[in-house]
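Have a look at the structure below before the remarks.
The values are calculated or read from the model by the stated rules, or taken from the named source; none is laboratory data. Since the model is a prediction, treat every value here as computed from it, not as a measurement. Note that we place each Cβ from the backbone using ideal geometry, even for glycine, and neighbour counts take in every protein chain shown.
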Ligand code: PFF
């Protein structure tokens, strides 16, 4: 059925890079990376995360994009098309990806809601204070108010839905292309300010001088989960974006650039936040609240701080928007191409589902505070189940698919743009990692991290 549907696509090479980067860079860099690094001991965690990104993230990303571009279809159809033996249900990986997308969107949209709310709070000026009690209570007042939490989340969902209704090329490409450069500039400015603070050196030491005593199997799993989450891997997002790639795009080169730029943004976020944490006596392990309580305190110390703070939360909103667009694209394109819904209808169904499912995360700190499954509230459970279980599992299956089912010849053909690129060595190295290293490594980290062996 999918063959009859005309697909959109990215029109220029820069558009491809900007949109892919727009998916990777998001609250993962600005919110998740700093708080996980802070909660897991700093530099040691950072080092493992870097290793996971290089050894696992990079090859899996190349695999996903290549599969998507070759099949030119949504993840479910792509796996069906590329699978030589139709009897094996590889397409289930695409279904699992869609489940992961809904779980991630449920809590992600709530964090985006906090960011949007903070733009308004920053304009109002009420959160600008160096007293940690003031910034902490401003954040907890927001998240413990069920009406505010829910309305902001629904507002965010409606906003993103509106952009998606504009269509693939104009919507995603147009918006990310304009906003990405602004994001880099604003973040650099923040770093400069933070590095001039009194205890900047302590913050940098925390971020860059490893202390391995805090590393456990669980911490390693979290670092690997972050690597998947950061690069939007293991759930078909990059496969979907790959399906919009141009045939002459150099996939390994594009992927490497996206990975490096993404790491760069995370490092900038870390450098902007940790010097401030140490200077103002915040707790590095403050958890998801870290960015929201630290940033206002920093800005309260600088002339013109209010304007910079508005800029920071606008920047976070920009980053979050690109990432959310790509997350929503997975269910939307599956509903569109598999169930024959029009794109507008598929978008509306996705938004409506998220308004219901996501509200369990929006209400986690208020109405549903005592509701737990597996000892976790819904926000933590959705985060854990996606980053630490579904994404790595998707990663294993995709690596096995390319390494053992699709095979080297077809992979080589696709990655070299049918022989136009001379990248034999790169392709062989990536294929080796996918066939032997990534699946075993991910499996070992998962089993150990989940306490299964
Ligand atoms: N990579 C995004 C971030 O770091 O904020 C989050 C994300 C987007 C995860 C898309 C997964 C995904 F498919």
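Per the listing 275, 252, the residue uniquely away from the ligand (no atom under 16 Å from the Cβ), assigned to a helix (DSSP H, G or I), touching a residue at least 40 places away in the same chain (Cβ under 8 Å) and crowded, with 23+ Cβ neighbours inside 10 Å is 275.
Mind checking which residues of the range 296-340 are assigned to a helix (DSSP H, G or I) and without any contact (Cβ under 8 Å) to a residue 40 or more places away in the chain?
If the condition is that a residue be assigned to a helix (DSSP H, G or I) and without any contact (Cβ under 8 Å) to a residue 40 or more places away in the chain, then 307, 335, 339 are the ones that fit.
Filter the range 341-363 down to residues that are under 21 Å from residue 112 (Cβ atoms) and without any contact (Cβ under 8 Å) to a residue 24 or more places away in the chain and give me whichever is surrounded by the fewest Cβ atoms within 10 Å (Cβ to Cβ). Talk me through it step by step, then tell me what you get.
Here is the first cut: in the range 341-363, the ones under 21 Å from residue 112 (Cβ atoms) are 346-363.
Within this subset, residues satisfying the condition of being without any contact (Cβ under 8 Å) to a residue 24 or more places away in the chain are 346, 349, 352, 356.
Values: 346: 22, 349: 16, 352: 12, 356: 9.
Filtering the range 341-363 for residues that are under 21 Å from residue 112 (Cβ atoms) and without any contact (Cβ under 8 Å) to a residue 24 or more places away in the chain, the one surrounded by the fewest Cβ atoms within 10 Å (Cβ to Cβ) comes out as 356.
Test residue 142 against the stated conditions and say whether it is farther than 26 Å from residue 238 by Cβ and either touching a strand residue (DSSP E or B) at 6+ places or on another chain (Cβ under 6 Å) or away from the ligand (no atom under 16 Å from the Cβ) (or both). For residue 142, the condition - farther than 26 Å from residue 238 by Cβ and either touching a strand residue (DSSP E or B) at 6+ places or on another chain (Cβ under 6 Å) or away from the ligand (no atom under 16 Å from the Cβ) (or both) - is met.
Hey, any hits in the range 184-204 for a residue that's within 16 Å of the ligand (Cβ to nearest atom) and either surrounded by fewer than 20 Cβ atoms within 10 Å (Cβ to Cβ) or at pLDDT below 95 (or both)?
So the first thing to find is which residues in the range 184-204 are within 16 Å of the ligand (Cβ to nearest atom), and the list is 184, 187.
Within this subset, residues satisfying the condition of being either surrounded by fewer than 20 Cβ atoms within 10 Å (Cβ to Cβ) or at pLDDT below 95 (or both) are 184, 187.
So far as the range 184-204 goes, yes, one or more of its residues are within 16 Å of the ligand (Cβ to nearest atom) and either surrounded by fewer than 20 Cβ atoms within 10 Å (Cβ to Cβ) or at pLDDT below 95 (or both).
Counted as qualifying within the range 378-441 are the helices (runs of 4 or more DSSP H) with 3 or more residues that are surrounded by fewer than 18 Cβ atoms within 10 Å (Cβ to Cβ), namely 408-415, 424-432. Regarding residue 232, is this residue farther than 30 Å from residue 205 by Cβ and more than 10 Å from the ligand (Cβ to nearest atom)? Judged against the criteria, residue 232 is not a match.
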